[in-house]
1. Taking the stated definitions as given, is PHE49 free of Cβ contacts under 8 Å to residues at least 12 places away in the same chain, loosely packed, with under 10 Cβ neighbours inside 10 Å and either among the aromatic types (Phe, Trp, Tyr) or part of a helix (DSSP H, G or I) (or both)?
2. Identify, from the list GLN72, GLN93, GLN26, the residue that is more than 17 Å from the chain's Cα centre (by Cα), modelled with pLDDT under 85 and exposed (fewer than 13 other Cβ atoms within 10 Å of the Cβ).
3. Does ALA64 qualify as being at pLDDT below 80, of a type outside the set (Phe, Trp, Tyr) and touching a helix residue (DSSP H, G or I) at 6+ places or on another chain (Cβ under 6 Å)?
4. Out of (1) at pLDDT 85 or above; (2) open to solvent by 80 Å² or more (accessible area, probe 1.4 Å); (3) in a helix (DSSP H, G or I); (4) out of contact with any Leu (no Cβ under 9 Å at 6 or more places or on another chain), what's the single condition that is false for GLN110?
5. Can you name the condition, by its number, that SER103 falls short on among (1) modelled with pLDDT of 90 or more; (2) hydroxyl-bearing (Ser, Thr, Tyr); (3) open to solvent by 60 Å² or more (accessible area, probe 1.4 Å)?
6. Which residue pairs have Cβ atoms closer than 8 Å, lie 6 or more positions apart in sequence or on different chains, and pair a first residue in region 115-129 that is more than 18 Å from ASN88 (Cβ to Cβ) with a second residue that is open to solvent by less than 70 Å² (accessible area, probe 1.4 Å) and of a type in the set (Ser, Thr, Tyr)?
Amino acid sequence: MIIFTAMDIFFFFLVAGVTIVVLILQFDKKQTIKVKTILHETRSVPPMFLLKSTEQKISSLKAALRYDDAPQNMAAAASMINIYNNQNENNRQTKVQELKLLSAKYNSGQISLEAYNAKLDQLLDQVQSQGGAFGLAC
């Protein structure tokens, strides 16, 4: 019959405790590495809600400015005297060109998503302050 002394039991629990602590520390280190890797990978991803907000602003601007109706240049807009109120059409064309320029700058990486979103806010405010001035003249 084997008899364990108090000292044997103490060393058993000491070794078991140290082993458990080492395993917990190894698990923690692996989790820390995983979290750092995920954070590093997501830094280049634009914030989803900001991106969605930007898309909605672009859609609103395109609808308000009749973006798809835009002639290629201001001379073509000026030749459409019988269809559009000239002053409103010139304002609309200016805003369409601003939107195109702003989109080109963002697409080429010249401005950040945050700056792009802020400038779209300004442009949207300007267009909304015009009211229905960009509609077809009757």
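The values are calculated or read from the model by the stated rules, or taken from the named source; none is laboratory data. Bear in mind the structure is a predicted one, so any value in this text is a computation, not a measurement. Quick reminder, even Gly has a Cβ in these numbers, built from the backbone with ideal geometry, and neighbours come from all protein chains shown. Accessible surface is based on the protein model in full, side chains and every heavy atom, while ligands, DNA and RNA are left aside. Shrake-Rupley method; radii C 1.70, N 1.55, O 1.52, S 1.80 Å.
1. In short, yes.
2. The match here is GLN72.
3. no
4. Of everything listed in (1) at pLDDT 85 or above; (2) open to solvent by 80 Å² or more (accessible area, probe 1.4 Å); (3) in a helix (DSSP H, G or I); (4) out of contact with any Leu (no Cβ under 9 Å at 6 or more places or on another chain), GLN110 misses just condition (3).
5. (3) is the only condition that SER103 fails.
6. TYR116/THR54; TYR116/TYR106; ASN117/SER53; ASN117/THR54; LEU120/THR54
Listed here are the residues, each with its yes/no results for (1) under 30 Å from LYS95 (Cα atoms); (2) surrounded by 10 or more Cβ atoms within 10 Å (Cβ to Cβ).
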| position | (1), (2) |
| --- | --- |
| ILE9 | no, yes |
| THR19 | no, yes |
| VAL22 | no, yes |
| HIS40 | no, no |
| SER44 | no, no |
| SER53 | yes, yes |
| LYS57 | yes, yes |
